[in-house]
Number of protein chains: 2
Amino acid sequence: MKPAIDFYFDFSSPYGYLAAQRIDALAAKHGRTVAWRPILLGVAFKATGMAPLPQVPIKGPYSLRDFPRCARFHGIAYRQPGVFPIPTQAAARAFYWLRDRDEKRAVELAKALYKAYFVDDVNISDAENVVRVAAALGCNADEVRAALNDAAIKENTKAAVDAAIAEGVFGSPYIVVDGEPFWGMDRLDQVERWLQGPF
Amino acid sequence: MKPAIDFYFDFSSPYGYLAAQRIDALAAKHGRTVAWRPILLGVAFKATGMAPLPQVPIKGPYSLRDFPRCARFHGIAYRQPGVFPIPTQAAARAFYWLRDRDEKRAVELAKALYKAYFVDDVNISDAENVVRVAAALGCNADEVRAALNDAAIKENTKAAVDAAIAEGVFGSPYIVVDGEPFWGMDRLDQVERWLQGPF
């Protein structure tokens, strides 16, 4: 069996959200699975000196027009969140906690968290909202709440993010196919070609 | 007749070069012409606080892999220039000088300058190389040389670049269709859809 595709994303990234709607089907079409790997863009920005898009003069306003237009172009539901961007530690920790128990459900949680934020305008920087989304998927709310405050889970998440940045991840989404890195929702066409063989 | 598409680009921009190979045919397919508008990315970077790609940690090395891969993906000849990025005042001035005389030939000059830099590895930050490329297209070398040192041409070019930035242009390529802005070679698919009607 061929190795999984690495799919790095931040829960506050519109382009990560859009790619998340496509990546599993794209991989499956070519006999691959996807390793979902949430990161924290704030940490990556420290490494590159980049800033969150909305803070960049001129480019920021453009981005706010580009996000929903890309969603319409790809036929994906999208609502610009009222609070944006947000810190995504709680969402990432919940994901990594659940992944160590049941990876398939962790991916379902990731998709549910993205939907909560980018469709239902739920602020998932609030740990209680993360707990609610997880509980709706059948997780035990108290267990999730405890996990979000667990020092080992925090450490695991930090280690996962640091490993991603050490790997060269600087944005979201960032997809690695057999060692070849692709940055951006707009590289999914190249990801697909690469899955048929390096070009 | 429908208005022209605005095509903003920097002569040192790989993605601008790639888009330049496609934009005229794309526009023509939908009954449009293209207004080529070279800018100076260095001036735009001052407005946004952004930095040239190769200077950005982590993202810079990725970009150097992405440039030729995008070229291969689109079937476009590309050689990473030995000196990169470069200041492109001379190229932009030659373009605007010729445009005020013969717009069609100015576009031919733009394409020839891009080919010189991104295929033949000619450093077009050197005014004499710009003169040579223009002369090969039939321009009088002494006239071009004089134009590059002409205060009015310098002023015209500066005014064109300032107007672009005031318009919201922050990167290369940057394409405006009926008031709708698109940034990046990887938005040409959306440009094409927009030419069939806003979505």
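Each residue of segment A:59-70 was assigned a 3J(HN,Hα) from its phi angle through the Karplus expression (A = 6.51, B = -1.76, C = 1.60, θ = phi - 60°), giving 5, x, x, 4, 4, 5, 8, 6, 3, x, 5, 4 Hz with x at Gly and Pro.
Just to verify a number: FRET efficiency for B:D100 and A:E180, C-beta to C-beta distance, R0 = 35 Å, to 0.05? Taking R0 as 35 Å, the efficiency between B:D100 and A:E180 is 0.15. Here the Gaussian network model covers chain B, with springs between Cα atoms less than 10 Å apart; of B:P61, B:P87, B:P38, B:P61 fluctuates the most.
What stretch of chain A, leaving out the sites themselves, is the longest with no trypsin sites (Lys or Arg not before Pro) in a DSSP loop having at most 13 other Cβ atoms within 10 Å? Could you put the intermediate results ahead of the total?
Values: sites that count: A:R79, A:R101.
Looking at chain A, A:102-199 is the longest stretch - no exposed trypsin sites (Lys or Arg not before Pro) with at most 13 other Cβ atoms within 10 Å.
Annotation: for a label point projected 7 angstrom from Cα along Cα→Cβ of B:T33, residues of segment B:162-199 with backbone N closer than 18 Å are B:176-179.
A 1.4 Å probe, protein heavy atoms only, puts the accessible area of A:T88 near 0 Å².
Arrange the residues B:V43, A:V144 by how much accessible surface each exposes, largest first, with a 1.4 angstrom probe. Intermediate values should be presented prior to the final figure.
Details: B:V43 55, A:V144 0 Å².
The ordering from most to least exposed comes out as B:V43, A:V144.
Per-residue accessible area (protein heavy atoms, 1.4 Å probe) orders A:M50, B:M185 as A:M50, B:M185, starting from the largest. Along its three principal directions, the equivalent ellipsoid of segment A:1-50 from the Cα gyration tensor extends over semi-axes of 25, 12, 7 Å, largest first. The solvent-accessible area of A:I76, taken with every protein chain present and a 1.4 Å probe, is close to 20 Å². For segment A:124-131, 3J(HN,Hα) computed residue by residue from phi via the Karplus equation (6.51, -1.76, 1.60; θ = phi - 60°) reads 7, 6, 7, 4, 5, 5, 5, 4 Hz, glycine and proline entered as x.
Taking the alpha-carbon distance from B:K104 and a cut-off under 22 Å, which lysines remain once sequence neighbours fewer than 8 residues away in the same chain are dropped? Counting by Cα, and skipping residues close in sequence, B:K104 has these lysines nearby: B:K2, B:K29, B:K115, B:K154, B:K158. In the assembly of identical copies, A:G75 has its label point, taken 7 Å from Cα in the direction of the beta carbon, separated from the corresponding points by 2.6 nm (ascending, one decimal). Summary of the geometry: segment B:1-35 and segment A:98-151, compared by the centres of their Cα atoms, lie 45 Å apart. Ligands, DNA and RNA excluded, the heavy atoms of B:F84 present near 50 Å² of accessible surface to a 1.4 Å solvent probe.
Contact order for chain B, expressed relative to its length and based on alpha carbon pairs under 8 Å spaced 6+ residues apart, stands at 29 percent.
Near the amide H of A:V34, within less than 5 Å, lie the amide hydrogens of A:I5, all on another chain or at least 5 residues away, with H placed in the peptide plane.
Around the amide H of A:V119, modelled in the peptide plane, lie the amide H atoms of A:R79, all under 5 Å away and 5 or more residues distant in sequence or on another chain. Of all residues in chain B, the one whose Cβ lies closest to the rotation axis carrying B onto A, together with that distance in whole Å, is B:D186, 2.
Nearest 500 deg cm²/dmol is fine: what mean residue ellipticity at 222 nm does chain B get from its DSSP H runs of n ≥ 4 alone, each adding -39,500 (n - 2.57), divided by its residue count? Display every interim value, and only then the final one.
Details: 10 runs with 108 residues, N = 199.
Result for chain B, helices only: -16500 deg cm²/dmol.
Of the listed residues A:W183, A:W194, the order by accessible area with a 1.4 Å probe, largest first, is A:W183, A:W194. Rounded to the nearest angstrom and listed largest first, the equivalent-ellipsoid semi-axes of segment B:1-153 from its Cα gyration tensor are 24, 20, 16.
Considering only the Cα atoms of segment A:1-89, their convex hull presents on average a projected area of 6.9 nm². In nanometers and ordered shortest first, the copy-to-copy spacing of the A:K2 label point, defined 7 Å from Cα toward Cβ, is 3.8. Couplings for segment B:144-157, taken from phi via the Karplus curve 6.51 cos²θ - 1.76 cosθ + 1.60 with θ = phi - 60°, read 5, 4, 5, 4, 5, 9, 7, 4, 5, 5, 4, 5, 4, 5 Hz in order; Gly and Pro are left as x. With contacts taken as Cα pairs under 8 Å and at least 6 residues apart, segment B:113-182 reaches a relative contact order of 14 percent. With distances taken between every two different alpha-carbon atoms, segment B:47-110 has a Kirkwood hydrodynamic radius of 14.3 Å. Measuring how big the protein assembly as shown is from its alpha-carbon positions, Rg and Dmax come out at 23.3, 80 Å. Between identical copies, the spacing of A:P52 label points, each set 7 Å from Cα toward the C-beta atom, reads 3.1 nm from nearest to farthest.
The values are calculated or read from the model by the stated rules, or taken from the named source; none is laboratory data. Model, not experiment: these values are computed from the prediction. All Cβ positions, glycine included, derive from the backbone under ideal geometry; neighbour counts span all protein chains shown. Quick note on the areas: whole protein, heavy atoms, side chains included, nothing else; ligands and nucleic acids left out. Shrake-Rupley method; radii C 1.70, N 1.55, O 1.52, S 1.80 Å.
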